[in-house]
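Nothing in this text is a laboratory measurement; each read-out follows from the coordinates by a stated rule. Just so it is clear, the structure is predicted and the values come from calculations on it, not from any experiment. Every residue, glycine as well, gets a Cβ built from its backbone with ideal geometry; the counts of neighbours run over all protein chains shown.
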Amino acid sequence: MGKNGSGKSTFSKVLVGHPDYEVTGGTVTFKGQNLLEMDPEERSLSGIFMSFQSPVEIPRVSNTDFLNMAYNARQRKLGLPELGPIEFFSHVYSKLDLVNMKTDFLNRNVNEGFSGGERKRNEILQLAVLGADLARSE
């Protein structure tokens, strides 16, 4: 938290490796590694998550499908086993209580028709499912 214009978003974008920002000196150490020596994908795989003030809607893509694809893509990149549909549902189901959501939420399309609170809870669910270690929320 901080005042408007204090650099919260800029700092977050630097952490995730946004191409509009160039760091000209120093280091940013996370989990013993210098983030500035990593590309954005490597930073993401290290567990950094940045949410957005207005997350986009993804028509015709259910939350279950989106989360399953994102989770298994991350697992592949990390050289870890993917989860099949039943195992994945069990993994996601255990996280729903964290965000006070019912299972029918998983069948809805990503952020489509969501209230502001539902969008935020969906982002929290995403970071819980994907195993984020550091999260920055707008």
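Quick notes on this one:
- To the nearest ten degrees, helix 85-96 and the longest principal axis of the Cα atoms of the chain are 70 degrees apart.
- Rounded, prolate or oblate (a/c below 1.5 giving rounded, otherwise prolate when a/b exceeds b/c) for the chain by Cα gyration tensor: oblate
- Cross-link reach list, lysines versus Lys3, counting only Cα pairs under 20 Å and skipping chain neighbours closer than eight places: Lys13
- Lysines whose Cα lies under 26 Å from that of Lys8, excluding same-chain neighbours fewer than 8 positions away: Lys31, Lys120
- Helix-only [θ]222 nm of the chain, DSSP H runs n ≥ 4, -39500 (n - 2.57) each, per residue, nearest 500: -13000 deg cm²/dmol
- Qualifying trypsin sites (Lys or Arg not before Pro) for the stretch 1-44 [loop in DSSP, other Cβ within 10 Å: at most 14]: Lys3, Lys31
- Efficiency of FRET from Cβ geometry, Val16 and Val56, R₀ 25 Å, rounded to 0.05: 0.90
- Lys/Arg +1, Asp/Glu -1 at C-beta; the chain dipole; positive extreme among Phe105, Val16, Asn63: Phe105
- Length-normalised contact order of the chain in % [C-alpha pairs under 8 Å, at least 6 apart]: 32
- Spin-label proximity, Lys120 to the stretch 93-109 - amide N less than 17 Å from point 7 Å beyond Cα toward beta carbon: 98-101
- Acute angle (nearest 10 degrees) that the helix 63-78 long axis makes with the longest principal axis of the chain, alpha-carbon atoms: 50
- Note on the chain: with charges restricted to the Cβ of Lys and Arg (+1) and Asp and Glu (-1), its dipole about the Cα centre is near 320 debye.
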